[in-house]
1. Within the stretch 284-314, count every residue that is surrounded by 16 or more Cβ atoms within 10 Å (Cβ to Cβ) and not in a helix (DSSP H, G or I).
2. Only helices (runs of 4 or more DSSP H) wholly contained in the stretch 325-398 count here; list those with 1 or more residues that are out of contact with any helix residue (DSSP H, G or I) (no Cβ under 9 Å at 6 or more places or on another chain) and not assigned by TED's automatic domain parsing to the domain that holds residue 36.
3. Given the criteria assigned by TED's automatic domain parsing to the domain that holds residue 234, touching a helix residue (DSSP H, G or I) at 6+ places or on another chain (Cβ under 8 Å) and surrounded by fewer than 16 Cβ atoms within 10 Å (Cβ to Cβ), does residue 83 qualify?
4. When the stretch 229-251 is examined, which residues are found to be in contact (Cβ under 8 Å) with a residue 12 or more places away in the chain, in a helix (DSSP H, G or I) and surrounded by fewer than 21 Cβ atoms within 10 Å (Cβ to Cβ)?
5. What residue, among those in the stretch 259-275 that are out of contact with any strand residue (DSSP E or B) (no Cβ under 8 Å at 6 or more places or on another chain) and buried (at least 18 other Cβ atoms within 10 Å of the Cβ), is modelled with the lowest pLDDT?
6. Condition check: over 30 Å from the mean Cα position of the chain (by Cα) and buried (at least 16 other Cβ atoms within 10 Å of the Cβ). Does residue 338 satisfy that?
7. So, in the stretch 169-193, how many residues would count as being over 22 Å from the mean Cα position of the chain (by Cα) and within 22 Å of residue 25 (Cα to Cα)?
8. Given the criteria modelled with pLDDT of 95 or more and over 13 Å from the mean Cα position of the chain (by Cα), does residue 59 qualify?
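The values are calculated or read from the model by the stated rules, or taken from the named source; none is laboratory data. A quick note: this is a predicted structure, and the numbers were derived from the prediction, not measured. Note that we place each Cβ from the backbone using ideal geometry, even for glycine, and neighbour counts take in every protein chain shown.
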């Protein structure tokens with residue numbers, strides 16, 4: 001029998017019940033405000049943000065500019081040329097896409113096979129040197145046969161581990177704990193704002209169980225993204241809680257450590273873990289989510305975004321901006337601003353429609369569209385409508401403080 005409080009009841013949260021309602025309303029407002037024309041590009045950007053911060057939490061030192069530069073040169077198609085740190089980021093990007101595109105029911109999001117699949121999708125294409133487990137001192141861990149211990153993608157650990165001062169359940173107990181988690185956190189059995197309370201507890205409880213030899217943190221944050229979508233946040237993907245965790249890693253780990261604490265007396269719940277500690281983490285989780293949805297709502301507010309777009313293209317017309325690699329960007333005619341603003345407002349359009357709206361001839365706009373396509377500002381494939389994109393060179397200008 002698993003003697004752990006799965007998640008707290010809403011009435012224990014006090015004023016944080018109001019913050020939960022505020023969170024849902026802020027998400028709904030963001031979801032309603034953002035036009036379809038920019039959703040695809042914004043979701044692409046959020047995957048980069050999630051990738052950077054989730055791996056930063058795990059100690060990956062790669063700068064966002066390196067990640068964006070990697071996207072420019074073909075990503076995983078040129079995997080042999082990249083460092084291990086970059087390969088981890090590329091694997092994380094692919095795992096995010098696979099998780100988003102995997103068809104699973106609401107009940108399936110906590111199934112053991114789904115959670116194992118998240119782990120497998122991250123590790124399955126990494127080289128063996130990145131599957132080698134290291135101890136806290138950075139030394140290669142050795143298995144019972146005297147060989148280097150390797151992570152097995154999608155499989156639970158078989159050896160004991162220690163995370164800081166916390167000693168997770170032994171390997172022989174993992175199936176029981178994961179079956180408990182699968183049953184208790186099924187979102188079909190949880191309703192209303194309780195799903196966010198459950199999402200917070202799930203995040204900690206899976207970290208506490210620590211089912212995999214390595215990669216638990218990344219899997220937990222991937223699972224949290226999936227669970228938040230099930231919790232009814234229609235705008236999730238336009239904002240992300242992972243950025244909040246990664247912006248202040250010390251507070252993130254401190255909040256998790258509070259929930260790791262054993263029960264502090266008879267008034268602190270009935271399980272082996274502290275309900276007060278879980279309450280602390282749940283409040284931290286709600287505050288972090290609310291902070292992030294507010295940040296992205298302000299960042300993506302159409303009027304403010306439009307001002308930054310105007311200024312970016314005015315600077316490009318003067319030749320005053322560097323690329324993501326630090327080189328000077330070539331001049332870009334000011335007509336590019338009109339194209340970008342039009343696509344931002346209307347969505348994908350044919351070349352003829354763009355010319356008609358802007359009152360420009362096709363010969364005038366053709367070289368501008370070609371340059372915008374080469375820089376990743378638009379997608380201008382033959383016989384296809386022109387689509388808006390977020391250029392790696394424009395990210396930090398159009399979306400300040402995203403990193």
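1. Residues that pass the stated criteria total 1.
2. Working: elements: 335-346, 351-358, 362-374, 395-398.
Result: 351-358, 362-374.
3. On the way: assigned by TED's automatic domain parsing to the domain that holds residue 234: yes; touching a helix residue (DSSP H, G or I) at 6+ places or on another chain (Cβ under 8 Å): no; surrounded by fewer than 16 Cβ atoms within 10 Å (Cβ to Cβ): yes.
When the stated conditions are applied, residue 83 does not pass them.
4. So in the stretch 229-251, the residues in contact (Cβ under 8 Å) with a residue 12 or more places away in the chain come out as 230-247, 249, 251.
Now restrict to residues that are in a helix (DSSP H, G or I): 230, 241-247, 249, 251.
247, 249, 251 - these are the residues of the stretch 229-251 that are in contact (Cβ under 8 Å) with a residue 12 or more places away in the chain, in a helix (DSSP H, G or I) and surrounded by fewer than 21 Cβ atoms within 10 Å (Cβ to Cβ).
5. Step one: of the stretch 259-275, the residues out of contact with any strand residue (DSSP E or B) (no Cβ under 8 Å at 6 or more places or on another chain) are 264-271, 275.
Applying the additional criterion that residues be buried (at least 18 other Cβ atoms within 10 Å of the Cβ) yields 268-269, 275.
On the way: 268: 93, 269: 89, 275: 97.
Applying the filter and picking the extreme gives 269.
6. When the stated conditions are applied, residue 338 passes them.
7. Total meeting the criteria: 4.
8. Details: modelled with pLDDT of 95 or more: no; over 13 Å from the mean Cα position of the chain (by Cα): yes.
Spelling it out, it is not the case that residue 59 is modelled with pLDDT of 95 or more and over 13 Å from the mean Cα position of the chain (by Cα).
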